[in-house]
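Participant: Sharing a structure, written as structure tokens. Questions coming.
The values are calculated or read from the model by the stated rules, or taken from the named source; none is laboratory data. Fair warning: this is a prediction, and the values are worked out from it, not measured in the lab. Glycine gets a Cβ as well: all are built from the backbone with ideal geometry, and neighbour counts include every protein chain shown. SASA here: full protein model, heavy atoms, side chains in, ligands and nucleic acids out. Shrake-Rupley method; radii C 1.70, N 1.55, O 1.52, S 1.80 Å.
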Protein chains: 4
Amino acid sequence: MFKTVKQNKAYQDVVEQIQEAIMEGALKPGSQLPAERELKEQFGISRGTLREALRVLEQKGLIEIRTGVAGGSIIREINSENLSENLGMLIRNRSVSLHDLAEFREGMEGDVAALAAQRAAKGDLAQLVELLGEAGGHLKQGRKGWDAFIRTDEQIHLELARMSGNQLFIAVLTSVYRNIHTYYENYLPWSKELLQENFDDLRNIVAAVSEHDAEAARQMALEHVRRFNGYMEKKQV
Amino acid sequence: MFKTVKQNKAYQDVVEQIQEAIMEGALKPGSQLPAERELKEQFGISRGTLREALRVLEQKGLIEIRTGVAGGSIIREINSENLSENLGMLIRNRSVSLHDLAEFREGMEGDVAALAAQRAAKGDLAQLVELLGEAGGHLKQGRKGWDAFIRTDEQIHLELARMSGNQLFIAVLTSVYRNIHTYYENYLPWSKELLQENFDDLRNIVAAVSEHDAEAARQMALEHVRRFNGYMEKKQV
Amino acid sequence: MFKTVKQNKAYQDVVEQIQEAIMEGALKPGSQLPAERELKEQFGISRGTLREALRVLEQKGLIEIRTGVAGGSIIREINSENLSENLGMLIRNRSVSLHDLAEFREGMEGDVAALAAQRAAKGDLAQLVELLGEAGGHLKQGRKGWDAFIRTDEQIHLELARMSGNQLFIAVLTSVYRNIHTYYENYLPWSKELLQENFDDLRNIVAAVSEHDAEAARQMALEHVRRFNGYMEKKQV
Amino acid sequence: MFKTVKQNKAYQDVVEQIQEAIMEGALKPGSQLPAERELKEQFGISRGTLREALRVLEQKGLIEIRTGVAGGSIIREINSENLSENLGMLIRNRSVSLHDLAEFREGMEGDVAALAAQRAAKGDLAQLVELLGEAGGHLKQGRKGWDAFIRTDEQIHLELARMSGNQLFIAVLTSVYRNIHTYYENYLPWSKELLQENFDDLRNIVAAVSEHDAEAARQMALEHVRRFNGYMEKKQV
DNA sequence: GTGGTCTAGACCACA
DNA sequence: GTGGTCTAGACCACG
């Protein structure tokens, strides 16, 4: 199945061969690569080199290396985790400021809410309402429920992204949330009023989505994000 | 009650430590990591394990490994290459469809154009106009200028992103363009009329940006993207 | 700049999680851990690894593993048995000589006797007197009562430690006695006079404790121990 | 060398055989046990069972398991680490209170100081004086030197224990110090005056030890410890 | 190339 | 049904 590797950049060659085999569908997700000791024979390389290649593939999210009897290198379903991680690195690197992040989010949230409103299925809506209920419960617990509320808040936003059905929005927003979190926790002066306001916004967005009113949902989401960004920038000064 | 145990592999630990050092700025781009033989001492691991870690970092785009007398592991500027690569894999894998990509672009282009209109400096505008001139030139060359026109078209869009001043938009849009290219080339029934229409759109957008009319720019950009997406989807059927 | 990598073994992680749960009181003594087949699910590990973890916990004295249908891992009361065992290994390993042991005992016995004198309750004193009576009885039986006498002697000392109310003294002295025994049996030239002298010492110590005379008790105990140590060292030469 | 295991508690049997071999000196510290795959043959058990046995021995501090080509199960020098861990558990569990610990220390420190005074060699004294100098230096640095001072303080006490030449005192005191630390750091209201007082005490003790005045050293140490215990108990209320 | 780590699934003995 | 034991095979790490 695989060709013997010629010369320089041996591990790169191995990576490319396996990657190509996966991309072309010759290796299906869930199936297994041969054991390391056999692969190294097929490629005509040493085990160390092979392991470097497998590491790179693992890092790319193409394979998962498991130990044990049913272990080995298993082809993974391609997903957007890596995309999120890369975006996260860009954000954390401060080449992306909080302001950039907020500005970016403004545009996205509106689009996502609008798409969610257009495509919401009944099951999705039920899920949204349940999350909203949870959030309300956390809010009533007072200060000790704040953390849980913020987490549920985030879940609602991600659920909206999921409802948009667009993998790209999901991946990018997930990454944005994962990284905006630290800013919120450090910079935002959380207060009961703020959380309540936040909760009201969420309720409005969910209502608009339930009625499949895309433009209303977009507008609600946009205002919601814009108001929060305003709070954060004020605080940061 | 108990958490699932995550098998901490030695090389992973090394990756995280170096990555963290880079992210926190303890290691600046351009600077060099200590030699492998010293690093392995600092981490208390073997050379093989260290090399696996360095490969992963290289794959992540965080370092560049050079051979030779002045060689070693050099810290790289963080860039969006990896983001593009991941996006490319998702697209090739059909996890992200053309429709997803187009939908995503619709939202983003409008935002970017609006921001560019708000923030355009004189130098930026001159650059835009120059690019527009180039595009016009290519268009007049007839069929043999088409390729050059499409490239210039893309450059104009990226210049708008650059003018927005938002690193996140720049990184994400760059990745999107790098990958949407293949679709355009393969699926779109390029014709003289189409290119002319495209050129007119660009001129309108640049005009709106020049007048700092954010909403007009947004609207122009949105329509432009939407129309093209329409052509592509029709063709795809 | 970088830390040495600690290879985190899966079983260690499990040990720490369970130990922490016990220490924090989340798992109360007497309660039961879930069955192995369920625990392995919770931790996401194999049964073999889990069993290694349970063995370590058993060895630490934190759990007791029972077989059978109502069996399983039962949380134990934390006690000082292990402390004694470890101290015992140190002593047996000859890194602690008889002389070291004797010297150590000199300091401790005085302190313990003084504390016992200060804190003796009536019930405690009655117990002491009863033990003293037993010892006297054994002494009268002649040679065949010697062994029993020595055992009762030790019990009196441990009772004094118990009366001090200090768990640390109890644990350490228990361990010392458990391990000094071998020396006494092998090296000391037991004789009727020696036992009688020993008995008189005990009577004096008990008397001082009964009168709550801490300093007298300390002095008596110190002399008692010191004289015996003298005999032993003479013999050893 | 080892016998085949019969039936019941296979792993226990293995533990005992190896432990006995170590205790009797048949296996010297630093030497290596055969590889797992060979040991399992010798004992006639499976690898899993053998590993359970090795885990127990590792937990007991009798062997150290290393990975890699020169790896395997290596016989360890018996030390007091385990003793410290056990003591720590008893303390965290409140089986041994701070008061117990302090009371225990009172008795021991006096004895240790007296023994150190009797046996101090010139090299030992030089070492003591050097540590004292360090402590003085840390003290002059003000608040930022406090931590270093406390650590040096502890080192001086342990040096005294080492000078006593009694392994038992060394082991027990080391364990006590390792665990009393947390109390000092959390409960004691450190202040400049307190540290100065502490430093003066240390100077007096070292002076007495230098003059080989055992009783003075004992008295100084006792007062030193007692005063500190007083502060801590007052604070705790 | 050696040796430790971890896994999955199986059978046995016992309370 | 629960712990006790076994098997075989794969990765992980070292020098």
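Participant: Quick check, is C:Gly44 without any contact (Cβ under 8 Å) to a residue 40 or more places away in the chain, outside the structural domain of C:Gln167 (by TED's automatic domain parsing) and within 16 Å of DNA strand E (Cβ to nearest atom)?
Facilitator: When the stated conditions are applied, C:Gly44 passes them.
Participant: Would you mind stating whether D:Ala117 is crowded, with 23+ Cβ neighbours inside 10 Å and either in the same structural domain as D:Leu202 (by TED's automatic domain parsing) or in contact with a Lys or Arg (Cβ under 6 Å, 6 or more places away or on another chain) (or both)?
Facilitator: yes
Participant: Which of the residues belonging to segment B:7-24 are part of a loop (DSSP other than H, G, I, E, B) and facing another protein chain (nearest Cβ under 8 Å)?
Facilitator: Listed by number, the residues that qualify are B:Gln7, B:Asn8.
Participant: Ok, one more. If only one of D:Ala217, D:Ala148, D:Ala171 is at pLDDT 85 or above and farther than 23 Å from C:His99 by Cα, which one is it?
Facilitator: Only one candidate qualifies: D:Ala148.
Participant: Going by the conditions given, is D:Ala21 within 13 Å of DNA strand E (Cβ to nearest atom) and of a type in the set (Gly, Ala, Ser)?
Facilitator: No, not satisfied.
Participant: Just one of the numbered conditions (1) without any contact (Cβ under 8 Å) to a residue 12 or more places away in the chain; (2) assigned to a helix (DSSP H, G or I); (3) not aliphatic (A, V, I, L, M) is not true of B:Phe2; which one?
Facilitator: Tallying (1) without any contact (Cβ under 8 Å) to a residue 12 or more places away in the chain; (2) assigned to a helix (DSSP H, G or I); (3) not aliphatic (A, V, I, L, M), B:Phe2 fails exactly one: (2).
Participant: When the residues of segment B:11-21 are narrowed to those that are touching a residue at least 24 places away in the same chain (Cβ under 8 Å) and away from DNA strand F (no atom under 13 Å from the Cβ), which ends up least open to solvent (accessible area, probe 1.4 Å)?
Facilitator: Looking at the filtered set, the residue picked out is B:Ile18.
Participant: Please determine whether any residue of segment D:95-103 is over 17 Å from D:Asp201 (Cα atoms), open to solvent by 10 Å² or more (accessible area, probe 1.4 Å) and acidic (Asp, Glu).
Facilitator: yes
Participant: Checking the conditions here, which among D:Lys28, D:Lys3, D:Lys9 is within 14 Å of DNA strand E (Cβ to nearest atom) and at pLDDT below 90?
Facilitator: Result: D:Lys9 is the single residue among D:Lys28, D:Lys3, D:Lys9 that is within 14 Å of DNA strand E (Cβ to nearest atom) and at pLDDT below 90.
Participant: Additional query: Please go through segment D:56-70 and give me each residue that is near DNA strand E (Cβ under 8 Å from one of its atoms) and facing chain C (nearest Cβ under 8 Å), ordered by number.
Facilitator: Answer for segment D:56-70, where residues must be near DNA strand E (Cβ under 8 Å from one of its atoms) and facing chain C (nearest Cβ under 8 Å): just D:Thr67.
Participant: Could you pull out the residue among D:Leu139, D:Leu39, D:Leu83, D:Leu125 that is open to solvent by less than 20 Å² (accessible area, probe 1.4 Å) and either within 13 Å of chain C (Cβ to nearest Cβ) or away from DNA strand F (no atom under 13 Å from the Cβ) (or both)?
Facilitator: Matching residue, one of D:Leu139, D:Leu39, D:Leu83, D:Leu125: D:Leu83.
Participant: Specify the residue that is surrounded by the most Cβ atoms within 10 Å (Cβ to Cβ); the eligible residues are those in segment D:142-174 that are within 15 Å of D:Ala221 (Cα to Cα) and polar (S, T, N, Q).
Facilitator: Among residues in segment D:142-174 that are within 15 Å of D:Ala221 (Cα to Cα) and polar (S, T, N, Q), the one surrounded by the most Cβ atoms within 10 Å (Cβ to Cβ) is D:Ser164.
Participant: Against the definition (more than 9 Å from DNA strand F (Cβ to nearest atom) and open to solvent by 20 Å² or more (accessible area, probe 1.4 Å)), how does C:Glu24 come out, yes or no?
Facilitator: yes
Participant: Return the residues of segment D:45-72 that are surrounded by 15 or more Cβ atoms within 10 Å (Cβ to Cβ) and near DNA strand F (Cβ under 7 Å from one of its atoms); say none if nothing qualifies.
Facilitator: D:Ile45, D:Gly48, D:Thr49, D:Glu52
Participant: Of these, C:Ser73, C:Ser95, which one is among the polar types (S, T, N, Q) and within 16 Å of DNA strand E (Cβ to nearest atom)?
Facilitator: C:Ser73
Participant: Let me ask something additional. Which of (1) basic (Lys, Arg); (2) open to solvent by 30 Å² or more (accessible area, probe 1.4 Å); (3) within 28 Å of A:Ile205 (Cβ to Cβ) is the odd one out, the single condition A:Arg76 does not satisfy?
Facilitator: (3)
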